[in-house]
1. For a quick check, take a GNM of the chain with Cα springs below 10 Å and name the residue from G55, G66, G16 with the largest mean-square fluctuation.
2. Can you give me the C-alpha center-to-center distance between the range 60-124 and the range 8-39, rounded to a whole angstrom?
3. Give me the lysines in straight-line cross-link reach of K87: C-alpha distance below 19 Å, same-chain residues under 8 apart excluded.
4. Counting only residues 5 or more places away or on other chains, whose amide H sits under 5 Å from the amide H of Y113 once H atoms are built in the peptide plane?
5. Place +1 on the Cβ of every Lys and Arg and -1 on the Cβ of every Asp and Glu in the chain, take the dipole about the Cα centre, and give the residue among H104, F29, I51 whose Cα lies farthest towards its positive end.
6. Hey, if we sort D62, D90, D84 by accessible area with the 1.4 Å probe, largest down, what's the order?
7. Please list, by residue number, every one of the trypsin sites (Lys or Arg not before Pro) in the range 21-63 that is coil in DSSP and has at most 16 other beta-carbon atoms within 10 Å.
8. Based on the Kirkwood radius over alpha-carbon pairs, what is the Stokes-Einstein translational diffusion coefficient of the chain at 4 °C with 1.567 mPa s viscosity, in µm²/s?
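The values are calculated or read from the model by the stated rules, or taken from the named source; none is laboratory data. Every value quoted in this text rests on a predicted model; they were computed, and no experiment measured them. So basically every Cβ, Gly included, is an ideal-geometry build from the backbone, and we count neighbours across all protein chains shown. These area figures cover heavy atoms from the full protein model, side chains too; ligands, DNA and RNA do not enter into them. Shrake-Rupley method; radii C 1.70, N 1.55, O 1.52, S 1.80 Å.
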Amino acid sequence: QVQLVESGGGLVQAGGSLRLSCAASGRIFSNYNMGWFRQAPGKEREFVAAIRWSGGNTYYADSVKGRFTISRDNAKNTVYLQMDSLKPEDTAVYYCAVERTGLHTTTPRTYDYWGQGTQVTVSS
């Protein structure tokens, strides 16, 4: 069992930055992927970024590539999402999640554990 707690969301102007954190407790295995997803009102949950717990392979959605950076601190069992050059269309609830097979996927249903989410609002 893995528990995830996100933090760091808030209100920011377009062009600004935020850093989200996801603190994980429980057993994290080296082959797990840690992912960030987001869901805007009336839209489906979508993949944002992912990182392999061991090795650090990273994956990004095209919409955030070059603006967002995912990283991890294994000692703190924490994953981060640095978001720069934010746009109003980045407004959403952001969730972190754990995928246990080690196979990179952008499909939410393949992730097994989820945090409660943190709101990010970008004003124009």
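1. The residue that fluctuates most here is G55.
2. Using only Cα atoms, the two centres lie 5 Å from each other.
3. Within reach: K43, K65.
4. Answer set, sorted by chain and number: V98.
5. F29
6. Details: D62 130, D90 0, D84 55 Å².
The ranking, largest first, comes out as D62, D84, D90.
7. Values: sites: R27, R38, K43, R45, R52; in loops: R27, K43, R45.
Here the trypsin sites (Lys or Arg not before Pro) that fit, given the DSSP loop and packing criteria, are R27, K43.
8. On the way: Rh = 14.2 Å.
Answer, rounded: 91 µm²/s.
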